[in-house]
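Please read the structure below before turning to the comments.
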Amino acid sequence: MSTTDSASQAAQRTDAADEAEARRLDDEQRLAEAQESRVRGGGKRPDWSPLPRRAGLKPNASPLFSLRTPIPARWRWTLAVASFAIPLLIWVTLNALGTIKPTFLPTPVAVFDALLKMAESGELFSDLWATTQRVLLGFGLAILVSIPLGIVMGTFNAGLALFEPVIAMLRYLPASAFIPLLMIWLGLGEPSKVAVLFLGTVFFNTLMTADAVRGVPRSLIDVSYTLGARRGEVLRKVIVPHALPGMIDATRVNAAAAWNFVVVAELINATAGLGLRIMRAQRFTQTDRIFALLIVIGLLGLIIDIALRQLRTRVGKWAA
């Protein structure tokens, strides 16, 4: 055997040994990765079944049943009208069938007549104004307190640590439970009624405002500091404008709660108000008047909700 053949065989043996060593190292690495995967997965790999094969979305699928797909304005108005027409149709049908006595479920005509009589006598408008004043005062004070407090809680962790525990506890206390104390502290006049509305809405609005402020992306704050903004400028020009649509949404939700509490508040020696009229109608089983007053409250609340929704759209188009 020549010297050249010997060298060639030695080189082949060396290459084979290198390949065997590389395969051994590769096997050890795969084994280590498998063991690490089992440790992370709790000792065994999850046995997931393959996803079923599904057909793609049809290009002509109706937007009514598509996720977060805009619908035509015609359909939007049609559905809005249907949301009122369907309950009214059910109401008329129940009256026509006679399944419920008119004493318990008056006809829409009787409700409309009762509404006209109260409007003609003037008591409807005086009661409406008295109730609206209480809501504006009580809920207005709640907004003046809750929005600055919510901004502090949502912006500074120290404010959150200081105020959240006590507010989280107080919000579970029913406002109606404070009525005896409020009557002792504030008397039987308007202050006690306004205080019921204030206590019933201020804590919820504070926490919801804080949640809206905490939703401001941290990246926006960091970029503002990078561009040279100071803390006060970041708060005024970044955090508050970005959280404003969320704060308006919180106001919308709690405005409905204020109208719920006003009926309870007007139990405190009131001389005028929609809640008072409802309680007096209940004493004489005047369900037509009760329905009429409830419809008035609902329509007024709907107007307030639409106004706040339009305000939210105007001040926060990016969040619409």
- prompt: Which of rounded, prolate, oblate describes the stretch 98-157, given a ≥ b ≥ c as roots of the alpha-carbon gyration tensor eigenvalues and a/c under 1.5 marking rounded, otherwise prolate only if a/b is larger than b/c?
  reply: oblate
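Compute the Cα gyration tensor for the stretch 107-316, then decide on rounded, prolate or oblate, letting a ≥ b ≥ c be the square roots of its eigenvalues: rounded whenever a/c is under 1.5, prolate when a/b is larger than b/c in the other cases, and oblate in all that remain.
Working: a/c = 3.35, a/b = 1.92, b/c = 1.74.
Verdict is prolate for the stretch 107-316.
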- prompt: Where only protein heavy atoms count, and the probe is 1.4 Å, what is the accessible area per residue for the stretch 107-316 in Å²?
  reply: 53
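By average Cβ neighbour count within 10 Å, what is the ranking of 235-246, 146-157 from highest down? Intermediate values should be presented prior to the final figure.
Numbers: 235-246: 17.8, 146-157: 20.2.
With the highest mean Cβ count within 10 Å placed first, the list reads 146-157, 235-246.
Could you please state how large a percent of the accessible area of the stretch 126-262 is carbon and sulfur, counting protein chains only and using a 1.4 Å probe?
Numbers: 4990 of 7030 Å².
Looking at the stretch 126-262 in its full context, I get 71 percent from C and S.
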- prompt: the stretch 76-138 to the stretch 229-300: how many Å between their Cα centroids?
  reply: 18
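Report, in debye and to the nearest 20, how large the dipole of the stretch 163-320 comes out about its Cα centre when Lys and Arg carry +1 and Asp and Glu carry -1 on their Cβ. Present the calculation step by step, with values, prior to reporting the outcome.
On the way: 17 positive and 9 negative charges, 68 e Å.
So the dipole magnitude of the stretch 163-320 works out to roughly 320 debye.
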- request: Please label the shape of the stretch 69-225 as rounded, prolate or oblate, based on the square roots a ≥ b ≥ c of the eigenvalues of the alpha-carbon gyration tensor (a/c under 1.5 means rounded; beyond that, a/b larger than b/c means prolate, else oblate).
  value: oblate
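The values are calculated or read from the model by the stated rules, or taken from the named source; none is laboratory data. Model, not experiment: these values are computed from the prediction. All Cβ positions, glycine included, derive from the backbone under ideal geometry; neighbour counts span all protein chains shown. For accessibility, only protein heavy atoms count, side chains too; no ligands or nucleic acids. Shrake-Rupley method; radii C 1.70, N 1.55, O 1.52, S 1.80 Å.
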